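Taking it in order: structure first as structure tokens, then the write-up.
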Amino acid sequence: MGDSGFRPGMMTALDIHAQIELLRTPFELVAHRALPIAACLLATGPDGELRVHLVSSAPGFGTPIELDLDEGIDCGLLRWSGPTGLICATRGSDGECSTLTALSVPSLGFSATATVAWTMSMPGAIEDIRPGVDGMLVLVAAYGTERDGSHLGTRVGPAGDPMIDRTDRARRSLYVVAADGSRCTEVPADGFNVWAADRDDDGNVVAVVSSDPRQAGFYASQLIRIDGVTGAITPLYQSQWQLAQPRLSADGRTALVVEGLSIVSGPVLSIDVGTGATRRWPDIDDVTDLGWIDTERMWFAGWHRTGVQVGTADRDGNKIERWTSPGSLHGPDGQPTLTLTADGDALAVAEMHGSPAEVVRLQFGEPGWTAVTELNRATEHLVSGVISETVSWVSTDGLEIDGIVIRRAHAIGPQPLVVIAHGGPTWLWSEAFAPAESNNLALPLVHAGAVVLLPNPRGSSGRGQEFARGVIGEVGGLDLEDVIAGVDVLVHQGLVDPARTSIIGSSYGGYLAALAATDIRQFRAAVVMSGVSDWLSFRTTSNLGGGYDHVYHQGIGPGTADGREKLVSVSPVYRVGKESTPTLILHGQLDRTTPLVQAEMLHRAFRFAEVPTELVVYPGEGHEFVDAAHRTDAAHRVLSWLEEHGVLG
């Protein structure tokens, strides 16, 4: 592809941000199991609609070709169905994918045209489609669930509808839809809310479910089996943690599930459906997705420190082969996943420093991958003259902490520092072309002259369950000390000017930024995006209240004097003083996970203490900013705030 003509030195930080926002990242990549072809979703045009594209899965560079339809459809999910069919979950006027659309692609060539074979409206947002031998299993979040304004979720139901909250809330349910769209049958779940599910060749189902349909109910889930003939429910596994990615063997004998914390990455459990015997795969952790290669073998993908892991195992977790690599693999909820090709290899969407997101081909026996598309090659100049390196340091209690430092290669002397704390806390920074969390700001901040530290303190993914659980009962304690220890190391190395340091973050990262702003005197400026400021009100205002906080605060709640005292002690809003750090607060008006009141309370606390502060509320936005104009505005405000308060410039 040709040179874009742009060079980082010719562009401002906002120009860099705009270029990153235009990166074409494939979504919902699915390889055909019989032909050397794959389908994916790509944004087309300024409206950002996701359209179906086909790409060769064979080695060598290919250009994704948009499927030729008489009328464009905006998709959110994509699966193969039969030799020449695709099933899409298509988006309606409310922004949610509530219609199943079957496409017929008879030629499957790169001038392929497609026709709509049938459509079916579902009673809510389609969250997953699991094709099978006689149709598909469809997971639907009914209108009235709390997806809207949540993590990676958009609005469910027309904006003009009244908001109704009842004790008997709407639930997520399963439906079996015939391959030709002629039938749709609800799977009986005895009142359970279904979070994820899979089905065998006889129609039996394994599902992660909870009695509580709220988002908080996910934190008290279990694995069950639903008989495909009688509808009888058999409990298979009850966990004190969270469960994800249930898989059922084609013969129905073995169920597998990933057990982890919050945003689940963890060990794989293999369960004998007949006896209930449970076995944990040995020596494997931080798995985020898995699937069947054949009747006996499975593939898996996941995190490994600041990189990824890929491997295979038999159904009981024996004969494990695994390799690890720097970089990031994309998938649902930002977690690593793969899709199997017709010849037994795999495709994924991958990126790493120096290489933007592309469809890549990988082999299970050989580390690494090879790009098969060149969607974003013309943007590689954005990291020209930029160094990204994985670093480690020792925290205050002797624990080794990982992180990533991004900086200009030829900077002279100590530079300004921006720490970007990630959300979760069970999440991580992985090696990427342009680290995306916190509004794609990492790379623009480097071009604005800063050293950027992306720390993975205790509580993060990628280091196993003991490390991930290290923050339970201690939120805002040793994890914040881990971050500060990393700052101190960079100052000691002479990379960073101690008088020009700052911290920003979103979600739990926003909480750490707020806590640092109120309690740590070394930062010159802070930015809090979608953060928690008050754990007391979080319990009764967040859609995760009573679930997420119950786990991370180790059962401590506001129902006792001791509980209230503990929650107050780790809540930034009660720690604001006249010496607190000037803080910019950015928040979505419709955020259900950390409701707007969290931002308003923190902002007013700063105002009462006469600390410089500014609150910006984005209309229509939830926990993460989606609107392109809002994302640009937020980037501008962050850069301006850091310049105004002496960090940049």
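Some observations on this one:
- Taking amide H atoms as placed 1.01 Å from N in the peptide plane, the amide H of residue 525 lies under 5 Å from those of 503, each 5 or more residues away in sequence or on another chain.
- Orphan Cys of the chain, criterion: no other Cys C-beta under 4.7 Å: 40, 97, 184
- For the range 562-610, the Stokes-Einstein estimate of translational diffusion at 10 °C and a viscosity of 1.306 mPa s comes to 134 µm²/s, using the Kirkwood hydrodynamic radius over alpha-carbon pairs.
- Sparse packing (at most 10 other Cβ atoms within 10 Å of the Cβ) combined with a DSSP loop state is found for none of the trypsin sites (Lys or Arg not before Pro) in the range 402-466.
- Cα-centred dipole magnitude for the chain, charges only on beta-carbon of K, R (+1) and D, E (-1), debye, nearest 20: 720
- Over the range 250-317, the ratio between the Cα radius of gyration and 2.2 N^0.38 Å evaluates to 1.09.
- Among 492, 447, the order by Cβ neighbours within 10 angstrom, fewest to most, reads 492, 447.
- Estimated translational D of the range 180-317 in µm²/s (Stokes, Kirkwood radius over Cα pairs; 10 °C; 1.306 mPa s): 103
- Loop-resident trypsin sites (Lys or Arg not before Pro) (DSSP state other than H, G, I, E or B) in the range 171-204 with no more than 16 further Cβ atoms inside 10 Å of their Cβ: 183.
- Direction-averaged projected area, Cα convex hull, the range 495-619: 7.9 nm², rounded to one decimal.
- Rotationally averaged projected area of the chain (alpha carbon convex hull; nm²): 27.4
- Calculated mean residue ellipticity, 222 nm, the chain: -4500 deg cm²/dmol, from DSSP H runs (n ≥ 4) at -39500 (n - 2.57) each, averaged per residue and rounded to 500.
- Here the range 421-519 is described by how far its Cα atoms reach on the three principal axes: 36, 29, 24 Å, from widest to narrowest.
- Exposure here means at most 15 other Cβ atoms within 10 Å; with GluC sites (Glu not before Pro) in a DSSP loop as sites, the longest stretch of the chain lacking them is 72-295.
- The range 329-375 and the range 18-97 have Cα centres spaced 16 Å apart.
- Loop-located trypsin sites (Lys or Arg not before Pro) in the range 528-581 (DSSP state other than H, G, I, E, B) with a sparse environment of at most 10 neighbouring Cβ atoms within 10 Å: 578.
None of the figures in this text is laboratory data; all of them are computed from the coordinates on show. Small disclaimer: the values here were computed from a predicted structure and weren't measured. Counting neighbours? That spans all protein chains shown, and the Cβs are built from the backbone with ideal geometry, glycine included.
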